1. Of everything in the range 33-44 that's in contact (Cβ under 8 Å) with a residue 12 or more places away in the chain and open to solvent by 20 Å² or more (accessible area, probe 1.4 Å), which residue is farthest from GLN70 (Cα to Cα)?
2. Of LEU63, LEU73, LEU92, LEU52, which residue is within 28 Å of the chain's Cα centre (by Cα) and surrounded by fewer than 16 Cβ atoms within 10 Å (Cβ to Cβ)?
3. Which condition breaks for TRP181 when tested against (1) over 30 Å from THR12 (Cα atoms); (2) in contact with a helix residue (DSSP H, G or I) (Cβ under 9 Å, 6 or more places away or on another chain); (3) outside any loop (DSSP other than H, G, I, E, B); (4) open to solvent by 100 Å² or more (accessible area, probe 1.4 Å)?
4. Those residues that are open to solvent by 60 Å² or more (accessible area, probe 1.4 Å), within 22 Å of ILE76 (Cβ to Cβ) and not small (Gly, Ala, Ser), I need them from the range 11-31; list them, please.
5. Look at ALA169 and say whether it is surrounded by 20 or more Cβ atoms within 10 Å (Cβ to Cβ) and either modelled with pLDDT under 95 or closer than 24 Å to ASN210 by Cβ (or both).
6. Quickly run through the range 48-69 and pick out the residues that are of a type in the set (Gly, Ala, Ser) and in contact (Cβ under 8 Å) with a residue 24 or more places away in the chain.
7. For the range 217-241, which positions are open to solvent by less than 100 Å² (accessible area, probe 1.4 Å) and either touching a His at 6+ places or on another chain (Cβ under 6 Å) or in a helix (DSSP H, G or I) (or both)?
Amino acid sequence: MVSVYEFTDYKTYLKKRVSQSEQRGFATRLAEAAGCQRSYFSTVLNGNIHLLPEHAFGISEFLGLSHEEQEYLFLILDYNRAGNAAFRSHLLKKIKEKQLAWKDFKNRLKKDSIAEVEDMSVRQFYYSSWLYAAIHIAVSIPKLGEVKHLSTYFGISESVAVWHLEKLAQMGLVEKKSGRWSWKSGDLHLSKDSPWIATHHSNWRMQALNDLPQRKTESLHFSVVQSLSKDDIEKLRFRIVEWVEEFKKIASPSTPEEIVCLNLDFFKPGAN
């Protein structure tokens with residue numbers, strides 16, 4: 001499903017929602033939610049007249065938009081209705097700011113525990129090696145709560161496994177009960193301006209490179225270089241961010257049975 005943040009024209013957004021809907025009479029239901037006639041609603045979408053703010057509010061409630069998404073819909077409505085060039089420029093600047101904030105993962109993904117800790121040494125330890133994050137997540141799987149199974153799984157000695165577990169326990173991320181280790185807390189996310197972000201990404205991309213020669217049937221590796229229009233680049237960027245949110249929705253409540261790694265890059269190569 002498209003996001004309202006992908007659009008600066010509310011009419012284009014509503015047309016897209018109508019075209020994507022599998023419900024019969026969806027446009028009529030939008031008109032009813034707006035509190036206007038179906039014919040008027042159709043004229044708005046295909047002509048030069050505009051909805052009123054109260055129309056947009058009714059539609060946003062019907063679509064189940066969040067408060068932030070509602071505010072953005074009202075903003076682009078104001079932008080489309082504005083007749084003064086200077087005011088339109090002012091509104092467009094606000095629109096771009098909200099789009100950038102929406103695309104920024106640090107504003108979209110839940111942050112907890114170590115991401116908010118002020119002790120620099122704690123973060124430095126956690127992101128210095130892929131093993132900290134791997135072991136932190138691995139002990140959420142019951143069978144890996146025993147050190148001997150954990151060390152076998154990662155191909156490390158039991159002493160190394162214990163050393164990492166004890167460090168993680170000091171950070172408040174794992175705990176030991178009745179001789180078994182388990183996940184305690186920490187849905188972690190680094191912002192793109194963190195000094196540890198490059199190390200964190202490098203650690204896991206190195207693990208992806210190590211996985212390639214093993215040719216595991218369950219592993220997925222994909223790389224492509226493609227020339228695209230600027231508009232399509234933005235469309236894909238929006239889709240990727242939305243997909244990450246869907247990934248989180250499925251992954252967060254999932255029963256811990258296996259540990260996986262997802263690396264994702266979408267960028268413009270070169271100096272510019």
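1. The extreme case among them is SER42.
2. Every option except LEU92 fails the conditions.
3. (4)
4. THR12, LYS15, LYS16, GLN20, ARG29
5. no
6. ALA56, GLY58, listed by residue number.
7. Hits for the range 217-241 are ASP232, ILE233, GLU234, LEU236, ARG237, PHE238, ARG239, ILE240, VAL241.
Every residue, every condition in (1) in contact with a His (Cβ under 9 Å, 6 or more places away or on another chain); (2) at pLDDT below 95, yes or no:
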| position | (1), (2) |
| --- | --- |
| VAL4 | no, yes |
| LEU30 | no, no |
| ALA56 | no, no |
| GLY64 | no, yes |
| GLU68 | no, yes |
| LEU77 | yes, no |
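The values are calculated or read from the model by the stated rules, or taken from the named source; none is laboratory data. Everything numeric in this text was worked out from a predicted model, so none of it was measured. We place every Cβ from the backbone using ideal geometry, glycine too, and count neighbours over all the protein chains shown. Only protein heavy atoms, including side chains, enter the accessible area calculation; ligands, DNA and RNA are left aside. Shrake-Rupley method; radii C 1.70, N 1.55, O 1.52, S 1.80 Å.
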